[in-house]
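Notes for the one structure printed next.
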Amino acid sequence: MTNRYTVHGMRSAFRDWAGEETNFPREVAEAALAHVVGDTAEQAYRRGDALEKRRKLMDAWSSYCETPPKEGQGG
């Protein structure tokens, strides 16, 4: 039996959720996934790690993951 779930699948689910269900900026979601955002000029000036914003995003993801699905949503 093969496992249907992968780490990349979970990362994709997180990114979809962050983009569709929250108001967190795209850059924060991408930073949470350790993705580099922007062109080389933008990267040269972006020095922060948005740690506190990422922490809030991950707390929201944790709450989302811990919430049982609503009736009829499966899960």
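Just so you know, all these numbers are worked out from the coordinates, no wet-lab data involved. From a predicted model like this one, the values you see are computed outputs, not experimental measurements. Glycine gets a Cβ as well: all are built from the backbone with ideal geometry, and neighbour counts include every protein chain shown.
The table that follows gives values for the structure above.
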| read-out | value |
| --- | --- |
| Förster radius 22 Å - calculated FRET efficiency between LEU51 and GLU21 (Cβ-Cβ, nearest 0.05) | 0.50 |
| Two-site label geometry, VAL37 and ALA60: point separation in nm, points 7 Å out along Cα→Cβ | 1.2 |
| Relative intensity, log₁₀ I(q)/I(0), of segment 8-75 from a Debye sum that treats every alpha carbon as a point, q = 0.11 Å⁻¹ | -0.32 |
| Cα long-axis angle, helix 51-66 against the chain (0 to 90 degrees, to the nearest 10) | 10 |
| Angle between the chain longest axis and helix 7-21 axis [Cα atoms, degrees, rounded to 10] | 80 |
| ³J(HN,Hα), Karplus 6.51/-1.76/1.60, whole Hz, each residue of segment 27-39, x for Gly, Pro | 4, 5, 5, 5, 5, 5, 8, 6, 8, 8, 10, x, 7 |
| Exposed trypsin sites (Lys or Arg not before Pro) absent - longest run of the chain, DSSP non-H/G/I/E/B, at most 10 other C-beta within 10 Å | 5-46 |
| Restricting segment 28-75 to GluC sites (Glu not before Pro) in coil, as DSSP defines it, with at most 10 other Cβ within 10 Å | GLU71 |
| Cβ-placed point charges (K, R +1; D, E -1), dipole of the chain about Cα centre in debye, nearest 20 | 160 |
| Sum of -39500 (n - 2.57) over DSSP H runs of 4+, divided by residues of the chain (222 nm, nearest 500) | -18000 deg cm²/dmol |
| Euclidean distance between Cα centres, segment 46-75 to segment 12-41, Å | 12 |
